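The values are calculated or read from the model by the stated rules, or taken from the named source; none is laboratory data. Computed from a predicted model, the values in this text were never measured in an experiment. Cβ atoms come from the backbone with ideal geometry, glycine included; neighbour counts cover every protein chain shown. In case anyone asks, the SASA skips ligands and DNA or RNA and just uses the protein heavy atoms, side chains included. Shrake-Rupley method; radii C 1.70, N 1.55, O 1.52, S 1.80 Å.
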Amino acid sequence: MGPTARIDLSALGRNLQQARAFAPGSRVYAVIKANAYGHGMLRVAPFLAGADALAVARVDEAVQLRQAGIDRPLLVLEGFFDAAELDAAAYYRLEVAVMQPEQLAILRQRPLTQPVACWLKVDSGMHRLGFQPAAVAAAWQALRDNPMVAGGVGLMTHLASADDPDDPATPAQLSTFRQLCRQFEAPRSIANSAGIIGWPEAHAEWIRPGIMLYGASPMLGQSGEQIGLRPVMTLQSRLIAVNHFPKGSPIGYGGSWVCPEDMPVGVVAAGYGDGYPRHAPAGTPLLLNGRRVPLIGRVSMDMLNVDLRSQPQARVGDPVVLWGQGLPAEEVAARAGTIAYELFCGVTQRVRIEEINGQG
């Protein structure tokens, strides 16, 4: 007995509709990088038919999709890093981001079987990838002059702090990018999930929803449920033991949690070997029989303990939700000092996957 990740594929379409509702005038790149944020890239791609295109981080991800028969527009957000990847991009008809002079040099030197579509990435203030504003005009011209580049080069940027509506960094980035775009006639893409939800002025011609497609909100202090999103992944397991300990009994490794009174303690078949965060503190909620119970003691590789004082009737085999339907992943992540993205991506291979196609 161990955890199961239930993947509600119908929720993907519902969440995509919500993304479109936030930005009704924009076209959509549905982001399925990092194995669709742990949900299974090849699993979810067919259920995002309502998107205009798909986006991944790396060329090899896009190649996997093409080889699996996904014949949709595909954008590679990190672009290509050598001639072989550029060749693959041309062969498999991929769109690529261009953000470094080295990529321009490869494009200039490499004859291709067919031109590739390109998005020029601008560093508007995140300072990770992209051309600095002063270098954008020259990079743009280099792409426009290159016969190996398909027409209609786009301009894109990425927001660093859009999850915080009060952070002045986002208006500054938007201003920088907007001023640059006045020089060019080009489609624009700015908004990730946080930009879509919190910054209407960032919507532009293309949006790039990622985490919100999977039912989680990127906004500080907000759950996906609060904005009409539905969790795609529900990680669940069961009680495998119910014990009764006297006051003063230490629980788990290191005895870091001590029973404050005579009490029942449950053992759940899930741990950091399955992707549950090891550093989740005592008090982190789980759902037992649909009701909250707190985590106690340290999370171990295969098991964790819960306080059963609120459910003394609990029995071996009772269902436990670690996050998902009824318990937002954002809340569990916040308790553990991380983000829902990491929880989803961290689910390990030994967790059984169950696909459902719920309605409503």
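Here is how the numbers come out for the structure above:
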{"quantity": "Residue check for residue 60: open to solvent by 40 Å² or more (accessible area, probe 1.4 Å), farther than 24 Å from residue 135 by Cα, charged (D, E, K, R) and part of a helix (DSSP H, G or I)", "calculated": "yes"}
{"quantity": "Test: residue 108 is part of a loop (DSSP other than H, G, I, E, B) and among the charged types (D, E, K, R)", "calculated": "no"}
{"quantity": "Only one of 142, 162, 138, 169 that is open to solvent by less than 60 Å² (accessible area, probe 1.4 Å), at pLDDT 95 or above and under 24 Å from residue 95 (Cα atoms)", "calculated": "142"}
{"quantity": "Filtered residues of segment 79-88 (kept if open to solvent by less than 60 Å² (accessible area, probe 1.4 Å), of a type in the set (D, E, K, R) and part of a loop (DSSP other than H, G, I, E, B))", "calculated": "none"}
{"quantity": "Single unsatisfied condition, residue 114 versus (1) outside any loop (DSSP other than H, G, I, E, B); (2) touching a helix residue (DSSP H, G or I) at 6+ places or on another chain (Cβ under 6 Å)", "calculated": "(1)"}
{"quantity": "Residue check for residue 222: in contact (Cβ under 8 Å) with a residue 12 or more places away in the chain, touching a strand residue (DSSP E or B) at 6+ places or on another chain (Cβ under 9 Å) and closer than 19 Å to residue 332 by Cβ", "calculated": "no"}
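Condition check ((1) on the phi > 0 side of the Ramachandran plot; (2) touching a His at 6+ places or on another chain (Cβ under 9 Å); (3) open to solvent by less than 20 Å² (accessible area, probe 1.4 Å); (4) free of Cβ contacts under 8 Å to residues at least 24 places away in the same chain) across all residues:
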residue	(1), (2), (3), (4)
7	no, yes, yes, no
14	no, no, no, no
38	yes, no, no, no
44	no, no, yes, no
50	no, no, no, no
67	no, no, no, yes
74	no, no, yes, yes
95	no, no, no, no
